[in-house]
Amino acid sequence: MGLEPRNAAVRRRLPSLIGALILLSCVQARASTIDSPLVQTALSDGIKNLYDLEYEASRGDFRKLIESEPDNPLGYLFESAQIWWQSSAEYGLFKGTPTLQGLFEQDIEFALKKAKPLLKAKDDAVETDGHFVTGMALGTKGMWNILRWNWLAACVEGKKALGHLKDTIKADPEYYDAYLGLGIFDYQAAHLPAVVKPVALLCGARGNEKRGLERMQLAMEKGRYLRRQAAQFMASIYIIDQQDYARALTLIHGLRADYPDSPYFKYLEAVIKFRLGDWSGSLPLVKELSAAFQADPPRFQRKLLTFVCSLSGKDCLCRQDVELAFKFFNYAVENLKPDDPPEWAAMARLYRGHAADMLGKRKDAEADYRWVLDHPAFLDGHLRAADCLKKRCNSDRNLRYLQALSKGEEYRPQDEPGPKPAGGQ
């Protein structure tokens, strides 16, 4: 895949950066006045469930913390990070589930509210925690405004956030999580579209990619609680923006060792190996995923949208990604073995057919759909093949299918919107 424009990469990367930033940074390198055993349990369980792509369970872990410690701002920050991370992985989540967007915005406001007493504390350590939490919450609010193209509001919130994070470092130079926040602001500002650079300069966001990466690296190396989560964050930069797949693979290997049951990291390793040209190393990983989820179809189907869209955002199923998918599944079909499970053969054929359909290779797609109908199915493969034979499964139809499954809903092609009447009425 060729390099995408830098600003496009920023738009695709930003949501996952925000979620990772909060999750990575809410627990400080030094003992925190707002840390507790419940905070650590929620963080450990919530992140594990997040990387298992069990979104409701992850959100539930953080909700337990909120209910047990309602005055602790970390619970609200954790939950908002989980929602944002999910929104970056599941295309159209906020549009399709507005209640989650509302909960995300509410969590940010509650985090700011609960941090106010900390800022007024006489104890320096407590006040420092208050600056950090406030800076993180305001920074997240500012980045949310960037995604909504509300640049003036983003400017105001961003400037305040930088002030609080700098106050954190001034009070405690070893507060390494704040360096992570400052580093992300440095890095993000360096990649802003040229049209908003003047506004960014007024807010003090001059941008410095080199310094930003150095600050993030410092936080990753010296953070007391950050190592595993920071690795995931840095890997996202190497994959989506820097496209340094070799460096990303090293980080993913470490994460797989820490989270061996995570289908997400196994999937990322498969993607990275494929992009590095190690097709024979990528294929067994995808076959393992196929086998693991064949035993639990609903669990697999809920995760499909994340697998397909997590690295692409709103550009999900763009042509260049579909071309890569076609190459992979074509390779998989050509390398089928007699002892391969029939479900794997059906999956490879069905997904190659979907890719061919989206690329306009209708005859090739129809051939794969017919083959699937004549052989044992993978999950709902027979229904999909029959439906796509009746009507071309383009990117829009496939996205609607994936979005329905992610919500645990039945996909009903008969409910799809029809063509618009002439004249746009």
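Tabulated results
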{"read-out": "Selection from region 276-299 of residues that are farther than 18 Å from V333 by Cα and modelled with pLDDT of 95 or more", "value": "L276"}
{"read-out": "Subset of region 224-245 that is at pLDDT below 85 and aromatic (F, W, Y) - its residue that is surrounded by the most Cβ atoms within 10 Å (Cβ to Cβ)", "value": "F233"}
{"read-out": "Output for region 50-95, where each listed residue is closer than 14 Å to R302 by Cα and modelled with pLDDT of 90 or more", "value": "L50, Y51, D52, L53, E54, Y55, E56, A57"}
{"read-out": "Scan of region 198-211 for residues that are at pLDDT below 85 and part of a helix (DSSP H, G or I), ordered by number", "value": "P198, V199, A200, L201, L202"}
{"read-out": "Verdict on L405 being under 18 Å from Q294 (Cβ atoms), in the same structural domain as C318 (by TED's automatic domain parsing), part of a helix (DSSP H, G or I) and at pLDDT below 95", "value": "yes"}
{"read-out": "Evaluation of A154 against (1) assigned to a helix (DSSP H, G or I); (2) over 27 Å from S236 (Cβ atoms); (3) not charged (D, E, K, R) (one fails), failing number", "value": "(2)"}
{"read-out": "Selection within region 231-273 - more than 26 Å from G212 (Cα to Cα) and among the small types (G, A, S)", "value": "A257, S262, A270"}
{"read-out": "Pick from region 148-161, criterion modelled with pLDDT of 85 or more and within 24 Å of the chain's Cα centre (by Cα), ranking: surrounded by the most Cβ atoms within 10 Å (Cβ to Cβ)", "value": "A161"}
{"read-out": "Single match in C393, C388 (criterion: modelled with pLDDT of 95 or more, within 32 Å of the chain's Cα centre (by Cα) and part of a loop (DSSP other than H, G, I, E, B))", "value": "C393"}
{"read-out": "Extreme residue, farthest from the chain's Cα centre (by Cα), among residues of region 77-132 that are in a loop (DSSP other than H, G, I, E, B) and farther than 30 Å from P263 by Cβ", "value": "K122"}
{"read-out": "Tally, over region 319-339, of residues that are touching a residue at least 40 places away in the same chain (Cβ under 8 Å) and not in a helix (DSSP H, G or I)", "value": "1"}
{"read-out": "Test: residue in region 302-311 that is polar (S, T, N, Q) and either surrounded by fewer than 20 Cβ atoms within 10 Å (Cβ to Cβ) or touching a His at 6+ places or on another chain (Cβ under 6 Å) (or both)", "value": "no"}
{"read-out": "Matching residues in region 347-381 - criterion: being part of a loop (DSSP other than H, G, I, E, B) and either small (G, A, S) or under 19 Å from L283 (Cβ atoms) (or both)", "value": "G360, A377, F378"}
{"read-out": "Residue selected from region 246-284 under the condition hydrophobic (A, V, I, L, M, F, W, C) and surrounded by fewer than 18 Cβ atoms within 10 Å (Cβ to Cβ), by the criterion farthest from the chain's Cα centre (by Cα)", "value": "W279"}
{"read-out": "Residue within region 383-400 that is more than 20 Å from E366 (Cα to Cα) and small (G, A, S) present", "value": "no"}
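The values are calculated or read from the model by the stated rules, or taken from the named source; none is laboratory data. For clarity, every value in this text was computed on a predicted model and none was experimentally measured. Note that each Cβ is placed from the backbone with ideal geometry, even for glycine, and that neighbours are counted across all protein chains shown.
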